[in-house]
1. What ranking, highest mean first, results for peptides 215-224, 88-97, 333-342, 197-206 when packing means the other Cβ atoms within 10 Å averaged over each residue?
2. Computed over the Cα atoms of the range 257-304, what is the convex hull's projected area averaged over all directions, in nm²?
3. Which value in Å is the Kirkwood Rh of the range 202-329 over different Cα pairs?
4. Which whole-number percent gives the relative contact order of the range 430-497, counting Cα pairs below 8 Å spaced six or more residues apart?
5. Please report the spacing between the Cα centers of the range 177-223 and the range 306-371 in Å, no decimals.
6. Please arrange SER491, SER207 by accessible surface area, largest first, computed with a 1.4 Å probe and ligands excluded.
7. Classify the range 139-265 from the C-alpha gyration tensor, please: rounded if a/c falls under 1.5, else prolate or oblate depending on whether a/b exceeds b/c.
8. What FRET efficiency, computed as 1/(1 + (r/R0)^6) with R0 = 60 Å and r the Cβ-Cβ distance, is obtained for GLN242 and ASP369, rounded to the nearest 0.05?
Amino acid sequence: MPAACESVLEDIEDIVSAEDLKPHDRQFVRKNVFPKVRKRNSQKNVQTDDEPPSDSIIPGVQKIWIRTWGCSHNNSDGEYMAGQLAAYGYKITDNSAEADLWLLNSCTVKNPAEDHFRNSIKKAQEGNKKVVLAGCVPQAQPRQEYLKGLSIIGVQQIDRVVEVVEETIKGHSVRLLGQKKDNGKRLGGARLDLPKIRKNPLIEIISINTGCLNACTYCKTKHARGDLASYPIEELVDRAKQSFQEGVCEIWLTSEDTGAYGRDIGTDLPTLLWKLVEVIPEGAMLRLGMTNPPYILEHLEEMGKILNHPRVYAFLHIPVQSASDSVLMDMKREYCVADFKQVVDFLKEKVPGITIATDIICGFPGETDEDFLETMKLVELYRFPSLFINQFYPRPGTPAAKMPQVPAAVKKQRTKDLSQLFHSYNPYDHKVGERQRVLVTEESFDSNYYVAHNPFYEQVLVPKDPLLMGKMVEVNIYEAGKHFMKGQPVSDARVHTASITRPLAKGEVSGLTEEFRRAPQNGTNWKAQPSAEIPVKTQLSSWMALQLPWQQEGGGLKILSVSLALLAVLVMFYYGGMKTE
C-alpha cells in the first residue's frame, strides 16, 4: 500500500499545484496517449472481446463491509456512509470475509473500543482487504503509526465517502479531514438529506448538532468532534418528515450534548422540540439523547412540558460522572452535584414516572475513597434504572492522562462495588400487573421476543407476532427482570399504526429521489463533469473527484464517471488498432 503523505491535509485540494494537468487535459487531450493494442490469440486463457482487462478496476461493483463502534451519532454516520455507497452501486454485505473493502467507523471514548478498532485494521490487512477508516479515532489522531498509509474519511466529510472508497480500491491512500464551513462558520456536518441505510428501518437517528461547549479533561471525543455546531431547525424538521414518509415510527435525537443545541445559531433545544412534535404522527415516538446538566438547567420548565407530551418518551440521559464536587472540578464538568440533583428532582416531580439514565466514571485521577462513597450514596438515593458504569481509562492527549492515576486494582474494585449496588435493586418489580402502551420496534438479541418500549422508554418484551412490528399496542405486564419487563398484548385494545407508508425493507436505501432511483447503477450513463475533476500528485496522481447528486448545489443527476470515460477511449483505440493489423 502506498505510503501516506507526510503532512495531514485538510482536504485533497490542498496538494493540487499549478503544474498539475488540468482536468480537461487529462481526459480529452489525446496527442500523448499511446494505447497498447491487445492482439488476438488462441491461448486458453485469452479474454473475450466483451470482458474488461483482467487487471482493470471498475469502481462501484465491489462488496463493502461496514463496522461501527460507539454512540448513536457514530451509528448515524455509518448509516449515511452505507446509503451513499449502496446508491452508487456498491454492495453492502454483512459477511466480512466476502467483502473487498472494510469501512471501519471508530469510537475514541475508551481504550477497549480503540483496541477493537486497531485489531480490526490488522485483521483486514492480514486478509488482504482494502481499508477505509472513519469515526473519531483517526479524526482526533490521524498521525498514529498504525494508521499510516491508510485512507481516512473525516467525521464531517462522510458525504464524500464514495470518493475515498473509489480511490482506495484503485490502490491510493486518501485522507479527507476538513471541516464543513459556510462563510467561515463551522456547520453541523454533512447534509441531513443524504441517502442512508437504516440499521433498523423503523428507527431514524438524527444528529441535531456536533461537538460541544465543554472541555472535559478526560474526553477524547472533543478532539474529533470539536466545538458546538448545530443544524438549522428547518433542516431537522424536514429530515423528520422524510423519515416518517419512509415508514419510520421512532426518532432518536443524538449529539455529543443535545442540551447545548442551538446556542451557536441563536435558538435552543425546547424550540426545536416543539417544532418536531408538530410533525410526529399518532403512534410514533421521539426519544431525546444525552444532555449535560448545565445546559438543561435553564430550560427545566419547558423540558418538563415537552417530556409530558404523549409522543415524546419521558426519558432523559443526564451523565453525572461523579457525586464529588472536587472530582467534578478536576473533570471540568462545569456543574456541581447540587445542580444535577436539582435537575433530577424537578423532572421527577413534573414528569411522573420519568426514566433518568446516568453515567459514572470509577477511579478518575484524584478520586478518594470519600469521593467514591458520595457516588455510591447518590446511586442508592435515586436507584437509577439505567446506569452506565465506566472504569476510568486515560486517553492519550487528554489532561486527565497526565494526572496522578488511581491504582488499577482500586479502579477495578470501585467498578465492581458500584456494579453490585446497581444489581441489588429491581426497578420494575412494582410494575407487574400494569397495563401499558408500548411501541414495538425490534427483535431481541436472543431472537425469542420482539422489543418494545413503554412511554418511559422502559424495555418490554412481547411475543414475536409479525403483526405487532412497528405498531403501538397495549400489553399486560406479567414479569419483570433487572433490565426489562414482559408483556402480553391485550386482545381488545386498539392498535396504532404510526407509519404513514410501508417501512423500507432492511438494507433498502433511504432518501433517494425518484429521479435517482431510475438512474442506472454502477455509474453507467451518468453525465461526466470534467470541471469537477481534481488532479493531484504523489500517491493521488490519478485522482478524479466525483460529484454525486447529493454533493451538488442544484441536486441534479450529474455524476463524474472517469473510469467509463477512459474505458471508452481505450476501447476506441483498441478497435482502431485491430483494423490496422
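The values are calculated or read from the model by the stated rules, or taken from the named source; none is laboratory data. Note that the structure is a prediction, hence the values are computed from the model and not measured. A quick note on method: Cβ atoms are made from the backbone with ideal geometry, for glycine too, and the neighbour counts reach across all protein chains shown. In case anyone asks, the SASA skips ligands and DNA or RNA and just uses the protein heavy atoms, side chains included. Shrake-Rupley method; radii C 1.70, N 1.55, O 1.52, S 1.80 Å.
1. The densest-packed peptide leads the list: 197-206, 215-224, 333-342, 88-97.
2. Here the figure is 3.7 nm², rounded to one decimal.
3. After inverting the mean inverse Cα-Cα distance, the result is 15.3 Å.
4. 32
5. With the range 177-223 and the range 306-371 each reduced to a Cα centre, they are spaced 24 Å.
6. SER491, SER207
7. oblate
8. 0.70
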